[in-house]
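Below is one structure, written out as structure tokens; the observations come after it.
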Amino acid sequence: MKFKMALIKSNHRLPFSLSQQIPKAYSFFSSLAPLNEDDDDDDRVTNPNSSPDTPLLSPEETVISEKFHSLIKDHHRKNPNPSSDSNPSLNPDFTIPSLSLGFSQISTAHSISPSTVRHVIEKSCGVRHGIPLLQVLSFFNWVTARPEFVHSPDPYHEMINLAGKVRQFNLAWHFIDLMKSRNVEITVHTFSILVRRYVRAGLAVEAVHAFNRMEEYGCAPDKIAFSIVISILCRKRRASEAQSFFDSLKDKFEPDVIVYTNLVRGWCRAGNISEAERVFREMKMAGIQPNVYTYSIVIDALCRCGQITRAHDVFAEMLEVGCEPNSITFNNLMRVHVKASRTEKVLQVYNQMKRLGCEADTITYNFLIDCHCKDGKLEDAVKVLNLMVRKGCSPNSSTFNMIFRCISKLGDVNGAHRMYSKMKDLKCEPNTASYNILMQMFATSKSTDMVLKLKKEMEENEVEPNVNTYRILITMYCGMGHWNNAYKYIREMIEEKCLKPGSSVYEMVLQQLRRAGQLQKHEELVEKMVDRGFTARPL
């Protein structure tokens with residue numbers, strides 16, 4: 001069936017900021033991520049569940065929080081399973097006496113603010129692997145039991161988020177119960193965190209149940225909460241559950257353009273265009289005008305389904321009814337051509353964008369740079385980079401990573417140095433991929449000093465290394481015959497970062513140790529891998 005969008009004329013505009021209707025953490029309109037990408041930021045160091053109004057730490061609080069974090073991190077490294085017979089879902093009052101003693105020694109000279117506690121929990125659990133759940137639980141129980149501690153929602157929200165992240169939902173409810181018993185304010189935001197984690201875990205029924213229990217905790221479900229639950233379900237491709245939830249409550253909470261657009265998006269993400277069309281028709285029949293985001297979502301879905309002609313028809317109808325496209329609309333039209341390396345088509349869309357007076361954004365310029373880099377046209381890619389800077393559009397790490405890859409293919413080490421300097425001059429922070437691309441390039445060119453300099457910079461900038469980072473370092477040292485450094489980094493990888501080395505890297509290090517006659521270290525490494533569950537013990 002064909003979308004009949006040209007029948008409705010809409011001049012309605014949805015502002016980027018929806019703070020008056022939905023908390024910022026749950027407004028998808030400000031970025032509108034591609035439909036097939038999971039826009040959940042759970043595992044990033046910056047926690048999206050932190051309150052948008054959370055105050056920054058003072059210098060003194062930063063120092064204290066770092067001390068607590070180091071203590072938790074070191075204890076977890078040495079004791080990944082501090083109490084194998086203690087299940088935190090059954091023992092929410094779990095503490096580690098030795099840690100409590102360490103915490104007390106830090107706190108003797110300092111008071112501990114809720115912001116400090118929030119930061120410690122957030123940073124400790126921001127890693128992708130090896131979350132120190134029991135150590136953080138011990139810290140939370142220790143600090144909240146202190147008579148002078150001032151209770152506020154943020155530390156509890158962090159713990160709810162953590163418990164949901166590791167799928168200990170009984171523990172999450174325990175923290176909400178604690179908030180109630182300790183008269184800590186429970187808000188829609190509190191339940192939004194829990195709902196989001198339930199959906200993330202694939203427990204949509206439980207997410208709706210949490211919404212239904214809000215009144216038990218003195219938090220009446222309202223239109224905002226209704227909208228948030230639908231938004232979260234749709235983000236996680238649970239369109240069917242979102243639709244059922246919507247149908248059951250739409251007479252109680254009047255739907256608006258946000259709710260309907262979320263539903264359209266949910267069905268599009270689920271790949272069910274016919275259901276998206278039905279919701280779109282229902283939206284219009286309800287007298288709610290589609291906006292630029294609704295159209296952009298449909299265009300993106302059609303492009304991803306390979307129905308590019310229909311997508312362009314919808315775009316034409318969008319213009320006909322007077323709904324101005326934005327950069328998101330054009331980016332959605334470009335994306336499918338970028339992935340197919342159709343540079344000419346991408347440039348056609350970009351030129352149309354310029355003709356209509358629509359400002360390009362970072363994603364637009366990144367698409368252009370990506371096309372030129374795939375075509376091996378480094379000079380053209382750099383021209384686009386310079387253009388976006390002149391236009392006041394800030395490049396991001398992805399911008400430079402594409403150029404770095406292109407430079408790497410050309411083997412231009414000096415060019416990599418120059419581009420990295422440019423990245424720094426523009427105050428663009430490299431990410432893990434940036435460092436990996438450069439480190440691999442310098443390792444290949446035997447520039448060991450540059451590899452180590454970049455690794456040190458990663459640590460100073462608190463950029464988390466990943467499996468590829470360690471693969472580059474270990475392979476470099478094995479190639480040089482430096483078994484001691486290779487062993488050092490694989491131990492760091494396993495013990496401190498809780499990362500599982502690839503089988504080829506693991507075998508490479510074992511081979512180096514055997515050749516060097518380091519049989520004790522060989523056995524220690526095998527033990528570490530077995531203890532972490534990364535490998536079975538050899539027969």
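Being among the acidic types (Asp, Glu) and modelled with pLDDT of 95 or more: is that true of Asp361 here?
yes
Tally time: how many residues in segment 283-340 are aromatic (Phe, Trp, Tyr) and free of Cβ contacts under 8 Å to residues at least 40 places away in the same chain? Give the derivation first.
Step one: list which residues in segment 283-340 are aromatic (Phe, Trp, Tyr), which gives 293, 295, 315, 330.
With the extra rule that they be free of Cβ contacts under 8 Å to residues at least 40 places away in the same chain, the set shrinks to 315, 330.
Adding up the residues that qualify gives 2.
Yes/no matrix, rows are residues, columns are (1) at pLDDT 90 or above; (2) hydrophobic (A, V, I, L, M, F, W, C); (3) more than 26 Å from Arg197 (Cα to Cα); (4) touching a His at 6+ places or on another chain (Cβ under 9 Å):
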{"site": "Arg213", "(1), (2), (3), (4)": "yes, no, no, no"}
{"site": "Asp222", "(1), (2), (3), (4)": "no, no, no, no"}
{"site": "Leu233", "(1), (2), (3), (4)": "yes, yes, no, no"}
{"site": "Asp247", "(1), (2), (3), (4)": "yes, no, no, no"}
{"site": "Asp251", "(1), (2), (3), (4)": "no, no, yes, no"}
{"site": "Val259", "(1), (2), (3), (4)": "yes, yes, no, no"}
{"site": "Lys284", "(1), (2), (3), (4)": "no, no, yes, no"}
{"site": "Tyr295", "(1), (2), (3), (4)": "yes, no, yes, no"}
{"site": "Ala301", "(1), (2), (3), (4)": "yes, yes, no, no"}
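Yes/no matrix, rows are residues, columns are (1) surrounded by fewer than 14 Cβ atoms within 10 Å (Cβ to Cβ); (2) at pLDDT below 80; (3) outside any helix (DSSP H, G or I):
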residue	(1), (2), (3)
Glu60	yes, no, no
Glu66	no, no, no
His69	no, no, no
Pro80	no, yes, yes
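So which residues in segment 427-464 are within 19 Å of Leu385 (Cβ to Cβ) and either over 24 Å from the mean Cα position of the chain (by Cα) or open to solvent by 60 Å² or more (accessible area, probe 1.4 Å) (or both)?
Those that are within 19 Å of Leu385 (Cβ to Cβ) and either over 24 Å from the mean Cα position of the chain (by Cα) or open to solvent by 60 Å² or more (accessible area, probe 1.4 Å) (or both): Lys427, Glu429, Met441.
Where in segment 271-353 are there helices (runs of 4 or more DSSP H), lying wholly inside it, with at least 2 residues that are closer than 15 Å to Phe367 by Cβ, out of contact with any Phe, Trp or Tyr (no Cβ under 9 Å at 6 or more places or on another chain) and open to solvent by less than 60 Å² (accessible area, probe 1.4 Å)?
Where helices (runs of 4 or more DSSP H) fall fully within segment 271-353 and carry at least 2 residues being closer than 15 Å to Phe367 by Cβ, out of contact with any Phe, Trp or Tyr (no Cβ under 9 Å at 6 or more places or on another chain) and open to solvent by less than 60 Å² (accessible area, probe 1.4 Å), they are 292-304, 327-339.
Count, please, the residues in segment 246-267 that happen to be among the hydrophobic types (A, V, I, L, M, F, W, C), open to solvent by 10 Å² or more (accessible area, probe 1.4 Å) and touching a residue at least 24 places away in the same chain (Cβ under 8 Å).
3
When both residues are 6+ apart or on different chains and their Cβ atoms are under 7 Å apart, which pairs have a first residue that lies in segment 346-362 and is closer than 22 Å to Asp375 by Cα, and a second that is of a type in the set (S, T, N, Q) and not in a helix (DSSP H, G or I)?
Thr362/Ser394; Thr362/Asn396
Name every residue in segment 492-520 that is of a type in the set (A, V, I, L, M, F, W, C), surrounded by 14 or more Cβ atoms within 10 Å (Cβ to Cβ) and more than 27 Å from the chain's Cα centre (by Cα), in order of residue number.
Val505, Met508, Val509, Leu510, Leu513, Ala516
Of the residues that make up segment 528-536, is at least one among the charged types (D, E, K, R) and at pLDDT 95 or above?
no
The values are calculated or read from the model by the stated rules, or taken from the named source; none is laboratory data. Everything numeric in this text was worked out from a predicted model, so none of it was measured. All Cβ positions, even for glycine, are placed from backbone atoms using ideal geometry, and neighbour counts span all protein chains on display. When the accessible area is computed, the model is the full protein with side chains, heavy atoms only, and any ligands, DNA or RNA have been set aside. Shrake-Rupley method; radii C 1.70, N 1.55, O 1.52, S 1.80 Å.
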